[in-house]
Amino acid sequence: MRRLRFLFQVAITVAAAIAGVRFALGWARTSVETYCPFGGLETAYALLARKRFTCATGEVNLALFVALVGLALIARKAFCGWACPLGAVFEWTGRLSRRLFKRHTFQGFWSIPPRVDAALKVLLRTAVTATILAASWATGELVFRGYDPYYVLFSAHGHDVRTWSYGILGALLALGLLVPMAWCKYLCPLGAVLWPLSAVGRLRLERSEEACTGCGACDRACPQALDVSGPLQVRSGECTLCLECTGACPTPGALSLHLKGAGR
Amino acid sequence: MKTPPWAVPALVVLFAALGIGGARLLAVPSVVRDYAPAGPGPRRTVVLVVDGVKCTDTAERAANQLKDAPGVVRLVAYASRNRLDVTFLPSVTDPAAIRAAIEGPVYDESSGEYLFGVYKVVEVDGVEAGK
Ligand code: SF4
Ligand code: SF4
């Protein structure tokens, strides 16, 4: 499963990069923005209020966003762990960080009490999301393009990308080395929108107390640095169902995936 | 209910397909422009794919290109598909004249100058447009 997920991540990242280059060279008419589900939310207000899409967004963004809501209600943040090219890049950055700094977990250099961490995730991401939505709804433009790491990384120097845009991207990658997945955990607006849906998502990992030996391999493998070996069920809305934990667990039957509300 | 791990990638693929496929059902025009009332007679609609039409603003500008074109009745733009559906009176004009009007110089209000090569019609009714 790990290998399959890695293939998914490589495929989506390469596809995004190729789409960006093709658009930049004039070989294609759809830019990487077309496939960003968050663009669907950015354009929703313009569609309701003005009966038209926000500039550079369209029905693909909207349909992908609606599909993503459906996915999150079942498979939580699986989009982030399996299909987001930016998530893949930041996960690889986190893996590099573990090697560079010889750390065993994805916790990085940032260790704060779990409750404070959870509050920060909600507050920071909500602030980013509210700012972006307010600005794009007021102007009818995607005004944050130049700050958006997805766009800066994959648009092949697209419209609105300036020198400072690369500075921001570099800073986010550097931050991702110190605090693995920092963008996804604390700043990503799509992550903010998916989190409450993911928290009630039906697919959950369950830990069998009888089988589990408490070795902690799952905790060390989790890119989101979640506590997997503690609770009987991973309820956190941050779980991307990447299944790194099940792959790392040496004890058969200790961790398994369950569809809640569908009988036993 | 215990679920096999492959359910996760399967769901991701399924919902991505639903998203991309569902987009086809959501045709929301970026711009709808009715021109001066045209005379009687049968009407025809030509579907153009136009390089340069990529958002509401660029679709609006493309619509302006046709405001003085004789025989053009209505324009419906789907910017995210680079598509203009132009309804016209075949007794007065034809797709070639409409194409020429769209590809013509564009007046830029901010600079007060005419810009050339802003729009390029690349497809007419599903057929690649010739040079
Ligand atoms: S708990 Fe397991 S499936 Fe969820 S994010 Fe962590 S490693 Fe991935
Ligand atoms: S890796 Fe498996 S055995 Fe080890 S703590 Fe996690 S669930 Fe338990």
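The values are calculated or read from the model by the stated rules, or taken from the named source; none is laboratory data. These numbers were taken from a predicted model, which means no experiment stands behind them. Because the Cβ atoms are built from the backbone with ideal geometry, glycine has one as well, and the counts that use them run over all protein chains shown.
Tell me yes or no: at least one residue of the stretch B:99-119 is among the acidic types (Asp, Glu) and surrounded by 16 or more Cβ atoms within 10 Å (Cβ to Cβ). Steps first, please.
Filtering the stretch B:99-119 down to residues among the acidic types (Asp, Glu) leaves B:103, B:108-109, B:113.
Add one more test, that the residue is surrounded by 16 or more Cβ atoms within 10 Å (Cβ to Cβ), and what stays is B:103.
Yes.
What residue, among those in the stretch B:79-105 that are modelled with pLDDT of 90 or more and in contact with a Ser or Thr (Cβ under 6 Å, 6 or more places away or on another chain), is farthest from the other protein chains (Cβ to nearest Cβ)?
My answer is B:Thr87.
Does A:Gly170 meet the test of being within 25 Å of A:Tyr147 (Cβ to Cβ), more than 9 Å from ligand 1 (Cβ to nearest atom) and loosely packed, with under 14 Cβ neighbours inside 10 Å?
Details: within 25 Å of A:Tyr147 (Cβ to Cβ): yes; more than 9 Å from ligand 1 (Cβ to nearest atom): yes; loosely packed, with under 14 Cβ neighbours inside 10 Å: yes.
Yes: the conditions hold for A:Gly170.
Quick one: B:Val49 ticks every box in (1) of a type in the set (Val, Ile, Thr); (2) assigned to a helix (DSSP H, G or I); (3) within 12 Å of chain A (Cβ to nearest Cβ) bar one, so which box is it?
For B:Val49, the failing item is (2).
So which residues in the stretch B:26-46 are within 8 Å of chain A (Cβ to nearest Cβ) and not β-branched (Val, Ile, Thr)? Let's see the steps before the verdict.
Quick first cut of the stretch B:26-46, residues within 8 Å of chain A (Cβ to nearest Cβ) only: B:26-31.
If the condition is that a residue be within 8 Å of chain A (Cβ to nearest Cβ) and not β-branched (Val, Ile, Thr), then B:Leu26, B:Ala27, B:Pro29, B:Ser30 are the ones that fit.
List every residue pair whose Cβ atoms sit under 7 Å apart, with the two residues 6 or more apart in sequence or on different chains, where the first one lies in the stretch A:210-223 and is closer than 22 Å to A:Gly81 by Cβ and the second, anywhere, is away from ligand 1 (no atom under 13 Å from the Cβ).
These pairs meet every condition: A:Ala217/A:Pro250; A:Arg220/A:His104.
I'd like the full set of residues that are away from ligand 1 (no atom under 11 Å from the Cβ) and within 14 Å of chain B (Cβ to nearest Cβ), limited to the stretch A:207-221. Give the derivation first.
Going through the stretch A:207-221, the residues away from ligand 1 (no atom under 11 Å from the Cβ) turn out to be A:208-216.
Of everything in the stretch A:207-221, those that are away from ligand 1 (no atom under 11 Å from the Cβ) and within 14 Å of chain B (Cβ to nearest Cβ) turn out to be A:Ser208, A:Ala211.
Filter the stretch A:185-196 down to the residues that are small (Gly, Ala, Ser) and either without any contact (Cβ under 8 Å) to a residue 60 or more places away in the chain or more than 14 Å from ligand 1 (Cβ to nearest atom) (or both) and list them by number.
From the stretch A:185-196, those small (Gly, Ala, Ser) are A:191-192; that's our starting set.
Of everything in the stretch A:185-196, just one residue is small (Gly, Ala, Ser) and either without any contact (Cβ under 8 Å) to a residue 60 or more places away in the chain or more than 14 Å from ligand 1 (Cβ to nearest atom) (or both), namely A:Ala192.
Which one of A:Glu91, A:Glu59 is crowded, with 16+ Cβ neighbours inside 10 Å, of a type in the set (Asp, Glu) and within 13 Å of chain B (Cβ to nearest Cβ)? Show your work before the answer.
Numbers: A:Glu91 fails: within 13 Å of chain B (Cβ to nearest Cβ).
Being crowded, with 16+ Cβ neighbours inside 10 Å, of a type in the set (Asp, Glu) and within 13 Å of chain B (Cβ to nearest Cβ) holds for just one of A:Glu91, A:Glu59, which is A:Glu59.
Is one or more of the residues making up the stretch A:2-18 more than 8 Å from every other protein chain (Cβ to nearest Cβ) and closer than 21 Å to A:Gly201 by Cα? Break it down into steps so the answer makes sense when it comes.
Here is the first cut: in the stretch A:2-18, the ones more than 8 Å from every other protein chain (Cβ to nearest Cβ) are A:2-3, A:6-7, A:9-18.
With the extra rule that they be closer than 21 Å to A:Gly201 by Cα, the set shrinks to none.
Looking through the stretch A:2-18, none of the residues is more than 8 Å from every other protein chain (Cβ to nearest Cβ) and closer than 21 Å to A:Gly201 by Cα.
Would you mind finding the one in A:Leu86, A:Leu68, A:Leu64 that is more than 9 Å from chain B (Cβ to nearest Cβ) and part of a helix (DSSP H, G or I)?
Details: A:Leu68 fails: more than 9 Å from chain B (Cβ to nearest Cβ); A:Leu64 fails: more than 9 Å from chain B (Cβ to nearest Cβ).
Only one candidate qualifies: A:Leu86.
Tell me which residues, restricted to the stretch B:7-46, are in a strand (DSSP E or B) and not charged (D, E, K, R).
Kept after step one, since they are in a strand (DSSP E or B), are these residues of the stretch B:7-46: B:31-34, B:44-46.
Those that are in a strand (DSSP E or B) and not charged (D, E, K, R): B:Val31, B:Val32, B:Thr45, B:Val46.
Could you pull out the residue among A:Ala182, A:Ala199 that is more than 10 Å from ligand 1 (Cβ to nearest atom) and within 26 Å of A:Tyr147 (Cα to Cα)? Break it down stepwise before answering.
On the way: A:Ala199 fails: within 26 Å of A:Tyr147 (Cα to Cα).
Testing whether each residue is more than 10 Å from ligand 1 (Cβ to nearest atom) and within 26 Å of A:Tyr147 (Cα to Cα) leaves just A:Ala182.
Provide a single number: the residues in the stretch A:95-117 that are surrounded by 14 or more Cβ atoms within 10 Å (Cβ to Cβ), of a type outside the set (Asp, Glu) and assigned to a helix (DSSP H, G or I).
Step one: filter the stretch A:95-117 for residues surrounded by 14 or more Cβ atoms within 10 Å (Cβ to Cβ), giving A:96-98, A:103, A:105-108, A:110, A:117.
Still in the running and of a type outside the set (Asp, Glu): A:96-98, A:103, A:105-108, A:110.
Imposing the further condition that a residue be assigned to a helix (DSSP H, G or I) reduces the set to A:96-98.
Going through the stretch A:95-117 one residue at a time, the tally reaches 3.
What number goes with the only condition from (1) touching a residue at least 60 places away in the same chain (Cβ under 8 Å); (2) within 8 Å of chain B (Cβ to nearest Cβ); (3) not small (Gly, Ala, Ser) that A:Arg29 does not pass?
The one condition A:Arg29 does not meet is (1).
Do you know which residues across the stretch A:219-240 are part of a loop (DSSP other than H, G, I, E, B) and within 12 Å of ligand 2 (Cβ to nearest atom)? Write out each step before concluding.
Our first condition is that a residue be part of a loop (DSSP other than H, G, I, E, B); within the stretch A:219-240, this holds for A:222-232, A:234-240.
A:Cys222, A:Leu226, A:Asp227, A:Val228, A:Ser229, A:Gly230, A:Pro231, A:Leu232, A:Val234, listed by residue number.
Looking only at residues in the stretch A:224-264 that are without any contact (Cβ under 8 Å) to a residue 40 or more places away in the chain and within 7 Å of ligand 1 (Cβ to nearest atom), which one is nearest to the other protein chains (Cβ to nearest Cβ)?
The initial filter retains those residues of the stretch A:224-264 that are without any contact (Cβ under 8 Å) to a residue 40 or more places away in the chain, namely A:226, A:228-236, A:248-250, A:263-264.
Next, only the ones that are within 7 Å of ligand 1 (Cβ to nearest atom) stay: A:226, A:228, A:234.
Numbers: A:Leu226: 16, A:Val228: 15, A:Val234: 13 Å.
This residue is A:Val234.
Checking B:Val76 against (1) within 14 Å of chain A (Cβ to nearest Cβ); (2) among the β-branched types (Val, Ile, Thr); (3) over 27 Å from A:Ala49 (Cα atoms), only one condition comes out false. Which one?
Condition (3) is where B:Val76 drops out.
Failed condition for B:Val46, given (1) in contact (Cβ under 8 Å) with a residue 60 or more places away in the chain; (2) under 19 Å from A:Arg29 (Cα atoms), with all others met?
Among (1) in contact (Cβ under 8 Å) with a residue 60 or more places away in the chain; (2) under 19 Å from A:Arg29 (Cα atoms), the lone unmet condition for B:Val46 is (2).
Going through A:Leu255, A:Leu203, A:Leu190, A:Leu243 one at a time, which residue ends up being surrounded by 15 or more Cβ atoms within 10 Å (Cβ to Cβ) and near ligand 2 (Cβ under 9 Å from one of its atoms)? Give the steps one after another, and end with the answer.
Working: A:Leu203 fails: near ligand 2 (Cβ under 9 Å from one of its atoms); A:Leu190 fails: near ligand 2 (Cβ under 9 Å from one of its atoms); A:Leu243 fails: near ligand 2 (Cβ under 9 Å from one of its atoms).
Result of the check over A:Leu255, A:Leu203, A:Leu190, A:Leu243: A:Leu255.
Using the structure shown, decide if A:Cys215 is under 27 Å from A:Pro231 (Cα atoms) and out of contact with any Pro (no Cβ under 8 Å at 6 or more places or on another chain).
Working: under 27 Å from A:Pro231 (Cα atoms): yes; out of contact with any Pro (no Cβ under 8 Å at 6 or more places or on another chain): no.
Spelling it out, it is not the case that A:Cys215 is under 27 Å from A:Pro231 (Cα atoms) and out of contact with any Pro (no Cβ under 8 Å at 6 or more places or on another chain).
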